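K.L.:
Let me give you the structure first, and then I'll get to my questions.
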Amino acid sequence: MWKFTLRRIVTMIPQVLLLSIIVFILAKMMPGDALSGMVDPNIDPNTIAEKREALGLNDPWYQQYTRWLGGVFQGDLGQSFHFKMDVSELVWQRIVNSFWLSLLTLVLTYLIAIPLGITSGRYNDSWSDRLITGYTYIGFAMPIFIFALVMLWVFGFYLDLFPTGGSVEPGIEPGTFEYIMSKIYHMLLPALSMALITTVSTVQYLRSEIIDTKQKDFILTARAKGASESRVYNRHILRNSLLPIAAFLGYEITGLIGGSIFIENIFGYPGMGQLFLNSILLRDYSVVTALVLLFGILSILGALLSDIILSLVDPRIRIK
Amino acid sequence: MEMNKVELVNDKEVAISPSGWKIVGREIVRDKLALFSLILLTVIIILVYGVSFFLNQEEIVTVDLFSIHEPPSETHILGTDYGGRDVFGQLIIGTRNSLSIGIMVTVMTGVIGIIFGMVAGYFGGTTDNILMRILDFFQVLPFLMIVIVFVAIVPKYGILSFSLIMTAFLWMGIARLIRSKALQEKELDYVQASKTLGTSDLKIMFTQVLPNLSSLIIVTMTLNLAANIGLESGLSFLGFGFPESTPSLGTLVSYARNPQTLEFRWWVWVPASVLILVLMLSINNVGQALKRATDARQRRG
């Protein structure tokens, strides 16, 4: 188990390095550099050229790359041109919002997926199964942004049950109970919209997993021993079917990153996805670079997490 | 034990109907939903490409400030948007564009994925190892963000560069699938026999192994087409898809980000949303029916 994990972590290192090189190249391809945001364009071009030389912007690319990478390791991601503050500080403010939103989405995803998957798998070909399968069929084809718009329209505007933007009611003292409730209230609709769509694949997987396990020999044995129907399902089948679902957790993270860009944009939620889109539109490229790097590392870590959980659950993978 | 059962069923099926296409046809006819989807899809495609032939894109995307946000009427069947442009015309041309780019990206990713996966799977060993590490790397990239960054920094941005950018980061799924099948296929007797006879690797790969994977490729590409249409409209929705002057379904939906439009002007965004959903649902239905047809265990017909 440790051997597998270690080997998996070692293969991760070149991935992260390659990612950083790609991000660096992207950053170089973007118009403007670290200097163009800081200096007054009216300054004498010769002074600017001197500054560039002093900052090392004329060095060969590999020198610049190692310097940049060293900075990244120390948490120095450069200056935001638009917000006039350190990128790391700016990103940190948004990360907190995105983290809570993603966490709530994950919790909701599993809260929806597990009962639906179990019902649908246990009573397959019944009416409730057909209803659930129909939902997963439509949910599978439904793009997340259309669904989020419909949710916003129905619950935000038409029924007026939820706020339609922001992450907290303005003017509430941070840290109070009211503040936390307001935060959760603002997160609920975006998280629910995302969860209802992302849960679909988990439901489908759980259903087929349960139907598969149901016909295995050890279930027959359990029944023959006289185990009650609820014991067969809760102890024997569920334990075997739920574990692979746990392994999806890591891949869910990758999915959440993509989804959050749409969701935060539609619900006006100030998280990282929103920051990313705004920075692109404002051409604030140091923020963009930092975010791409961050999201890339997050999805690499997500894949790592999934593989480790999978290897815990299914020993056959470790041998490979 | 399970394997035996599958092979038995397979043998029986083969004995009754030798033609693969017959099985596919029968599966689709048996599955009423898929049949309906296929007919609907055909009608939409013919209508969209036919009607767009008579529409003038220049005229439709021209801003008309005297008819902003008109509700549906005789002159504008589906009203107008914030620039006074006819929504119905944009809808038709947008559907055509979305479909075309979806097909284009699907074909391009298909070609790259098939070649990549076939080479990796057929040669195996070190080649496979190296190619798979490259693939792994592409797969962990945050797709949406990288595409958005590329779209934002490419200097001469147009439809072709957009589809190339999408292709560059979407070929991995099909490559992985083809590789795993090619790994199985190359161990079979006919490949070994062909090798013994001295047939070149290239010929074995693309004239002998590839036809055996054709059903799988068709299924995957159909399902990919639905996904690609969704991705394209999603990117256009965020403003990083088609350029402004080219209508797309996603652009129409994106007008709903204005709360006024979302709440009071349904004609701008609802038809496009419904159309995206219908397109994706029906392509998926057909794809699922094809998938069942190629897998004897799941067949209904």
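The values are calculated or read from the model by the stated rules, or taken from the named source; none is laboratory data. None of the values given here were measured: they were computed from a predicted structure. Methodologically, a virtual Cβ is constructed for each residue, glycine included, from the backbone with ideal geometry; neighbour enumeration extends over all protein chains shown. Quick note on the areas: whole protein, heavy atoms, side chains included, nothing else; ligands and nucleic acids left out. Shrake-Rupley method; radii C 1.70, N 1.55, O 1.52, S 1.80 Å.
K.L.:
Look through A:PHE295, A:PHE262 and report the one residue that is part of a helix (DSSP H, G or I) and free of Cβ contacts under 8 Å to residues at least 40 places away in the same chain. Break it down stepwise before answering.
P.N.:
Details: A:PHE262 fails: free of Cβ contacts under 8 Å to residues at least 40 places away in the same chain.
Only one candidate qualifies: A:PHE295.
K.L.:
Identify all residues within the stretch A:232-274 that are among the hydroxyl-bearing types (Ser, Thr, Tyr) and either in contact with an Asp or Glu (Cβ under 7 Å, 6 or more places away or on another chain) or within 11 Å of chain B (Cβ to nearest Cβ) (or both); write none if there are none.
P.N.:
Here is the first cut: in the stretch A:232-274, the ones among the hydroxyl-bearing types (Ser, Thr, Tyr) are A:233, A:241, A:251, A:254, A:260, A:269.
Answer for the stretch A:232-274, where residues must be among the hydroxyl-bearing types (Ser, Thr, Tyr) and either in contact with an Asp or Glu (Cβ under 7 Å, 6 or more places away or on another chain) or within 11 Å of chain B (Cβ to nearest Cβ) (or both): A:SER241, A:TYR251, A:THR254, A:SER260.
Table: residues versus (1) within 11 Å of chain A (Cβ to nearest Cβ); (2) outside any helix (DSSP H, G or I); (3) open to solvent by 40 Å² or more (accessible area, probe 1.4 Å); (4) of a type outside the set (Val, Ile, Thr).
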{"site": "B:MET221", "(1), (2), (3), (4)": "no, no, yes, yes"}
{"site": "B:LEU225", "(1), (2), (3), (4)": "no, no, no, yes"}
{"site": "B:ILE229", "(1), (2), (3), (4)": "yes, no, no, no"}
{"site": "B:ARG292", "(1), (2), (3), (4)": "no, no, no, yes"}
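K.L.:
Would you check if there is a residue in the stretch A:142-155 being closer than 14 Å to A:VAL203 by Cα and touching a Leu at 6+ places or on another chain (Cβ under 7 Å)?
P.N.:
Of all residues in the stretch A:142-155, those closer than 14 Å to A:VAL203 by Cα come to none.
The answer is no; no qualifying residue exists.
K.L.:
If the requirement is being open to solvent by 10 Å² or more (accessible area, probe 1.4 Å), within 12 Å of chain A (Cβ to nearest Cβ) and touching a residue at least 12 places away in the same chain (Cβ under 8 Å), which of these qualifies: B:LEU252, B:LEU279, B:LEU235, B:LEU275? Lay out the reasoning, then the answer.
P.N.:
Details: B:LEU252 fails: open to solvent by 10 Å² or more (accessible area, probe 1.4 Å); B:LEU279 fails: open to solvent by 10 Å² or more (accessible area, probe 1.4 Å); B:LEU235 fails: open to solvent by 10 Å² or more (accessible area, probe 1.4 Å).
Only one candidate passes the filter, namely B:LEU275.
K.L.:
Name every residue in the stretch A:160-189 that is touching a helix residue (DSSP H, G or I) at 6+ places or on another chain (Cβ under 7 Å) and β-branched (Val, Ile, Thr), in order of residue number.
P.N.:
A:THR164, A:VAL168, A:ILE172
K.L.:
Select from the stretch A:275-289 the residues that are more than 8 Å from chain B (Cβ to nearest Cβ), open to solvent by less than 10 Å² (accessible area, probe 1.4 Å) and among the aliphatic types (A, V, I, L, M) and list them in ascending order.
P.N.:
A:LEU275, A:VAL287
K.L.:
Just one of the numbered conditions (1) surrounded by fewer than 19 Cβ atoms within 10 Å (Cβ to Cβ); (2) at pLDDT 85 or above is not true of A:MET272; which one?
P.N.:
Unmet for A:MET272, out of (1) surrounded by fewer than 19 Cβ atoms within 10 Å (Cβ to Cβ); (2) at pLDDT 85 or above: (1).
K.L.:
Hey, another quick one. Filter the stretch B:102-126 for residues that are touching a Phe, Trp or Tyr at 6+ places or on another chain (Cβ under 8 Å) and either at pLDDT below 90 or among the hydroxyl-bearing types (Ser, Thr, Tyr) (or both) and give the result.
P.N.:
B:THR109
K.L.:
If we scan the stretch A:161-175, do we find a residue that is surrounded by 14 or more Cβ atoms within 10 Å (Cβ to Cβ), of a type in the set (S, T, N, Q) and touching a His at 6+ places or on another chain (Cβ under 8 Å)?
P.N.:
Checked the stretch A:161-175: at least one residue is surrounded by 14 or more Cβ atoms within 10 Å (Cβ to Cβ), of a type in the set (S, T, N, Q) and touching a His at 6+ places or on another chain (Cβ under 8 Å).
K.L.:
Out of the stretch A:132-165, which residues are within 13 Å of chain B (Cβ to nearest Cβ), within 30 Å of B:LEU144 (Cα to Cα) and assigned to a loop (DSSP other than H, G, I, E, B)?
P.N.:
A:MET142, A:PRO143, A:PRO163, A:THR164, A:GLY165
K.L.:
Here are A:ILE257, A:ILE237: which of them is surrounded by 20 or more Cβ atoms within 10 Å (Cβ to Cβ), in contact with a Gly (Cβ under 9 Å, 6 or more places away or on another chain) and under 20 Å from A:LEU206 (Cβ atoms)? Write out each step before concluding.
P.N.:
Working: A:ILE257 fails: under 20 Å from A:LEU206 (Cβ atoms).
Just a single option satisfies the conditions, and that option is A:ILE237.
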